[in-house]
Number of protein chains: 2
Amino acid sequence: MSKCKVCREPAIIDLPRHNANFCGDHLQQLCRRQVEKAISDFEMLRPDDRVLVAVSGGKDSLAVWDILLELGYNADGLYIGLGIGDYSDISGRYVRAFADERGLTLRTIDLREDYGYDVPTAARATRRVPCSACGLSKRRLFDDAARDGGYDVVVTGHNLDDEAAVLLGNTLRWDIDYLARQLPVLPATSGFPKKAKPLVRLTEREMAAWCIVRGIDYQVEECPMAAGNRHLGYKETLNQLEARSPGSKASFYLSFLDRMAPLLVGHSQAATDGLNGCERCGAPTTGEVCAFCRLVATASAHEQVPVEMMGRRR
Amino acid sequence: MSKCKVCREPAIIDLPRHNANFCGDHLQQLCRRQVEKAISDFEMLRPDDRVLVAVSGGKDSLAVWDILLELGYNADGLYIGLGIGDYSDISGRYVRAFADERGLTLRTIDLREDYGYDVPTAARATRRVPCSACGLSKRRLFDDAARDGGYDVVVTGHNLDDEAAVLLGNTLRWDIDYLARQLPVLPATSGFPKKAKPLVRLTEREMAAWCIVRGIDYQVEECPMAAGNRHLGYKETLNQLEARSPGSKASFYLSFLDRMAPLLVGHSQAATDGLNGCERCGAPTTGEVCAFCRLVATASAHEQVPVEMMGRRR
């Protein structure tokens, strides 16, 4: 039986990249310290910030909310019902249970009730991959909720595996614009709140272990609309590299931030100059009507598509 | 039976990244054109250059020598006997047969006869991976042979798979210095000849097909000392990505050259300022004795190690 590196009690997890095993208590210590280090290194949060955590019901977003509360931050949750059949129903239940048990403030938005569409219908109506309509909807609704609720920062549960996979995709295409913007914290700009990803130094596996140790029930299924997408392929590629050479995933992402990101400052094309106000909602846009208002118009006019009708993409 | 995209005759190879099949004649045409494009895009060679091709006996170096001659370049060969048992003996025979059949000028160096060591012995004596001593020896001997023979350019057979794998390794570590120098042509600097890699737009598989179509016999074995090394692992990773998304390997390497390499100009630490002359050979070095002279001294003083004694590294 392997033992905790810190206290020599029985270990519950081995972490090859740290060349160590940890018991439940010391795994929690490690997670809290990695979050504190990320917050401090990248100046993500100030002690008195009002934080809005985007929660999906999966392990990462519930864990980051839990850890921020543990660290003493003032953090409310925001859940968006995406209308992806049973997957969304179950996800929503986990989020509400987490908030209710702890007496936390949870804001909720339901795409179908509040905006007249859902993700499967939006995907069909726009004839694009579901992740595209979903991402656009979430980004906009997080931004609006943060501004309307007077929050200083939107926090998301993106972990090291997520960020490394996105980085690999952007790197394989050498998409300089995306690479220049792939940072764990984005400052507030006109009309957009500050955004931070406190879990970038922690892996999926560590977050799953956090939830188990802390007794947090979460949605364990992958989103059925994301199955087979390229992002999951990149995660698999990185997991193979990590298995051959433990630590290479963290090194890939963190040394990017350390050595390459500084060389890319100023190479992002995301300019807020020259943007107009959307004629429907007033949000900054390059055209007359913003992408979100166009999505809402197209998707809400389309007959509802149940998730079961979408099929697998590949 | 699939047909050649150009002439509709029976095809001998399918190239998913070009979404096409080719007969032997039109595969040759494609290879010649890709080499011409690389030479022209990166200003690798002038028509009257005296070219020294570093030939190993493998498909790539024999193919690039063959293609350059086809394109009318004045190209001699240089073969270095590395002393890696049967592998080297057989490689040398293929090189000599290629040159003899065509009446070409082939220069040869034998590490054991001319410098008193071989690669297995050097690896054991320096206690480093064999590829390290091998690469150091080859780079220096190519440089010396080019200078002494009055050649304008040293050409190597590195193909797209080779360069993409090296790029992936450098990228996973974000080694800015190596990334800044990973170019298909390096200009001459004091003491070092110009170097060019005309096959960077062509794959291993295309080069194997070139040799088969042209009736060139080559060493098909991988070097036994390289088995299991990290470079081969990166090739495998890229082949998996390529299988999922044809064209991604070429896009990874060529878009690096196109979009990222320009941003890295000036970030290479390889400065020729402040170098001394080696006190034994006069070559530029940061210390008193250059790395090659130290290798020769250490390796030639060591008892000869047969390749069979080296074992697999992993």
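Solvent-accessible surface of the range A:10-51, taken per residue with a 1.4 Å probe and all protein chains present: 53 Å². Take A:23-36, A:190-203 and order them by the average number of nearby Cβ atoms within 10 Å per residue, most first; the result is A:190-203, A:23-36. Remark: spin-label model distance B:V220-B:R46 equals 4.3 nm, labels positioned 7 Å along the Cα→Cβ axis. Once the partner protein chains are put back, the range A:172-219 shows a loss of at least 20 square angstrom of accessible area, versus the chain by itself, at A:L172, A:R173, A:W174, A:I176 (probe 1.4 Å, ligands and nucleic acids excluded). Cα centroids of the range B:201-237 and the range A:189-239: 38 Å apart. Carbon-plus-sulfur accessible fraction, chain A (probe radius 1.4 Å, protein heavy atoms only): 47%.
Using the Kirkwood radius over C-alpha pairs as Rh, can you work out the diffusion coefficient of the range B:137-265 via Stokes-Einstein at 4 °C, viscosity 1.567 mPa s, in µm² per second? After rounding, the answer is 79 µm²/s. Distances between placed amide hydrogens fall under 5 Å for B:T108 paired with B:Y79, all partners being 5 or more residues away or on another chain. When the alpha carbon gyration tensor of the range B:10-116 is reduced to an equivalent ellipsoid, its three semi-axes come out at 29, 18, 12 angstrom, largest first.
Among the listed pairs A:K235/B:K249; A:K197/B:K235; A:K59/B:K249; A:K235/B:K3, those whose Cα-Cα separation exceeds 26 Å are A:K197/B:K235; A:K59/B:K249; A:K235/B:K3. Simple rule: put +1 on each Lys or Arg Cβ and -1 on each Asp or Glu Cβ in chain B, find the dipole, and look at B:A301, B:A208, B:Q269; the Cα lying farthest toward the positive end is B:Q269. Figure legend: label point modelled 7 angstrom from the Cα of B:R259 along Cα→Cβ; residues of the range B:214-253 with amide N under 13 Å from it are B:251-253.
Of the trypsin sites (Lys or Arg not before Pro) found in the range A:106-140, those in coil by DSSP whose Cβ has at most 16 other Cβ atoms within 10 Å are A:R127, A:R128. With the convex hull drawn around the C-alpha atoms of the range A:25-64, the volume per residue stands at 82 Å³.
Beta bridges from DSSP with both residues in the protein assembly as shown: antiparallel share about 35 percent, rounded to the nearest 5. Solvent exposure of the range B:224-308 amounts to 53 Å² per residue of accessible area, where only protein heavy atoms count and the probe is 1.4 Å. Taking every alpha-carbon pair in the protein assembly as shown and binning the separations at 20 Å intervals from zero gives 16, 42, 29, 12, 0 percent. Per-residue extension of 0.36 nm, minus the Cα-Cα distance of B:L275 and B:R33, leaves a gain of 83.1 nm for this segment. When the accessible areas of A alone and B alone are added and the area of the pair subtracted, with a 1.4 Å probe, the result is around 2200 Å², both sides summed. In chain A, the convex hull through the Cα atoms has an average projected area of 17.0 nm², a quarter of its surface area. In a DSSP loop and with at most 14 other Cβ atoms within 10 Å, there are no GluC sites (Glu not before Pro) in the range A:89-188. Across the range A:156-288, the relative contact order, built from alpha-carbon pairs under 8 Å that are at least six residues apart, equals 32 percent. Between the amide H of A:V53 and those of A:D76, A:G77, A:L78, A:V155, distances stay under 5 Å, these residues lying 5 or more places away or on another chain, with hydrogens modeled in the peptide plane. Provide the FRET efficiency to the nearest 0.05 for the A:D110-A:H18 pair, computing r from the beta carbons and using R0 = 41 Å. Efficiency, from the Cβ-Cβ distance: 0.50. Just to be sure I understand the interface: list residues from the range A:239-265 that lose 50 Å² or more of accessible area between the chain on its own and the complete protein assembly, 1.4 Å probe. Going by heavy-atom accessible area, the residues of the range A:239-265 that drop by at least 50 Å² are A:L241, A:R244, A:F252, A:R259, A:M260, A:L263. Using every pair of separate Cα atoms, the Kirkwood estimate puts the hydrodynamic radius of the range B:46-179 at 16.0 angstrom. Dividing the convex hull volume of the alpha carbon atoms of the range A:255-301 by its residue count, what do you get in Å³ per residue? For the range A:255-301, the hull spanned by Cα atoms encloses 104 Å³ per residue. With the cut-off at under 20 Å, measuring from each backbone N in the range A:211-247 to a point 7 Å along the Cα-to-Cβ line of A:R102 picks out A:211-221. The GluC sites (Glu not before Pro) of the range A:232-281 that meet both conditions, a loop assignment by DSSP and at most 16 other Cβ atoms within 10 Å of the site Cβ, are A:E279.
The values are calculated or read from the model by the stated rules, or taken from the named source; none is laboratory data. These numbers come from a predicted model, not from an experiment. Cβ: placed from backbone, ideal geometry, glycine included. Neighbour counts: every protein chain shown. Surface areas here come from the heavy atoms of the whole protein model, side chains and all, with no ligands, DNA or RNA. Shrake-Rupley method; radii C 1.70, N 1.55, O 1.52, S 1.80 Å.
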